[in-house]
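Everything below concerns the one structure shown next.
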Amino acid sequence: MGKGIHLCSFSSTAANLKESLRHENGVLYTLKYYPRISTFDMSENEWLQNIIKQLEEKKLIEQVDESYPWHKWKLTEQGVRATIINN
């Protein structure tokens, strides 16, 4: 059998948002479809850390268990409603 190489990029969709989308609504909408953010992206992007904290404080998202090096969030009912209203 052939031996394969598995490459994994720990880059997450939220961390790669264009600068114009780096706000609460942009991150919230992204987390709706791509709920994982790597530890590396969180530590390298202060803007992302701040937005995640704001979304948690507003109870729009809540963190769920995920194995290292990932963090994962799910949208609360209020968060889902916010994505419908804002899009």
Q) Say we look at the stretch 32-64 and pick out the residues that are assigned to a loop (DSSP other than H, G, I, E, B) and under 14 Å from the mean Cα position of the chain (by Cα); which of these is surrounded by the most Cβ atoms within 10 Å (Cβ to Cβ)? A) L60
Q: Would you check which residues across the stretch 65-78 are more than 13 Å from the chain's Cα centre (by Cα) and within 20 Å of G26 (Cα to Cα) and list them?
A: T76, E77, Q78
Q) Within the set of pairs 6+ apart or on separate chains, which have a first residue in the stretch 16-33 that is on the phi < 0 side of the Ramachandran plot, a second that is surrounded by 18 or more Cβ atoms within 10 Å (Cβ to Cβ) and among the aromatic types (F, W, Y), and C-beta atoms under 6 Å apart? A) L31/W73
Q: Determine whether the stretch 38-48 contains at least one residue that is touching a residue at least 40 places away in the same chain (Cβ under 8 Å) and touching a strand residue (DSSP E or B) at 6+ places or on another chain (Cβ under 7 Å).
A: no
Q.
Any residue that is out of contact with any helix residue (DSSP H, G or I) (no Cβ under 6 Å at 6 or more places or on another chain), loosely packed, with under 12 Cβ neighbours inside 10 Å, farther than 11 Å from A15 by Cα and among the β-branched types (V, I, T) - is there at least one of those in the stretch 65-83?
A. no
Q) How many of the residues in the stretch 11-24 are in a helix (DSSP H, G or I), surrounded by 16 or more Cβ atoms within 10 Å (Cβ to Cβ) and not acidic (D, E)? A) 2
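Rule-based calculations on the coordinates, nothing more; no lab input. Keep in mind it's a predicted model, so treat the numbers as computed, not measured. Heads up, the Cβs are rebuilt from the backbone with ideal geometry, glycines too, and the neighbour counts pull from every protein chain shown.
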